[in-house]
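What follows is calculated from the coordinates using simple rules that are stated; it is not laboratory data. Keep in mind that this is a model prediction, so the values were computed, not measured. Counting neighbours? That spans all protein chains shown, and the Cβs are built from the backbone with ideal geometry, glycine included.
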């Protein structure tokens with residue numbers, strides 16, 4: 001694959017960041033299973049759309065900067081840097097108005113050119129530390 005921007009995983013994250021969740025219908029199977037941390041797993045494209053809408057409400061500047069994508073047959077894996085400002089609570093993390101930057105890996109299994117199952121592995125400890133303002137949770 002010459003261009004990571006042509007991969008399904010890249011297009012999914014870019015559409016989500018842009019708030020263009022209707023594009024998910026082209027990229028995700030209707031019964032897609034997304035294994036995500038912090039109580040955010042989903043089992044349908046409609047549920048995944050709802051999670052992204054909630055995320056963008058809490059983190060209006062949410063961005064997934066794809067660093068690299070590895071493609072092996074029907075598997076796409078992306079190494080991602082996620083940034084944003086947590087302006088409201090999301091996934092059990094309090095909105096403090098603080099900016100964060102965390103590492104994430106997204107592994108997708110494709111069927112018929114669409115994501116059938118995905119795993120999101122994110123550095124939640126770093127997120128909580130940055131949002132809380134330090135390792136002890138202080139200001």
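Helix 8-17 and the long axis of the chain differ in direction by around 40°, with both axes built from C-alpha atoms. When the Gaussian network model of the chain links Cα atoms closer than 10 Å, the mean-square fluctuations of 35, 74, 109 top out at 74.
Select one label from (i) 18.6, 63; (ii) 14.8, 48; (iii) 14.5, 44: the one whose number is Rg and Dmax of the Cα atoms in Å as derived from the coordinates shown. Evaluating Rg and Dmax of the Cα atoms in Å on these atoms matches (ii).
Under the criterion of Cα pairs below 8 Å and six or more residues apart, the relative contact order for the stretch 60-139 equals 23 percent.
For residue 126 and residue 50, what is the calculated FRET efficiency with R₀ set at 22 Å and r taken between the beta-carbons, to the nearest 0.05?
The formula returns an efficiency of 0.30 here.
Between residue 119 and residue 61, full extension at 0.36 nm per residue minus the direct alpha carbon distance yields a gain of 18.6 nm.
Under the simplified labelling scheme, the residue 79-residue 103 pair shows an inter-label distance of 0.8 nm, with each label point 7 Å from Cα along Cα→Cβ. Rounded if a/c is under 1.5, else prolate if a/b beats b/c, else oblate: with a ≥ b ≥ c from the C-alpha gyration tensor eigenvalues square-rooted, which is the stretch 1-67? Oblate shape, in that a/c is at least 1.5 and b/c is the bigger or equal ratio. Counting only DSSP beta bridges whose two residues both lie in the chain, roughly 90 percent are antiparallel.
Only DSSP H runs of four or more residues enter the estimate; each adds -39500 (n - 2.57), and after division by the residues of the chain the mean residue ellipticity at 222 nm equals -7500 deg cm²/dmol.
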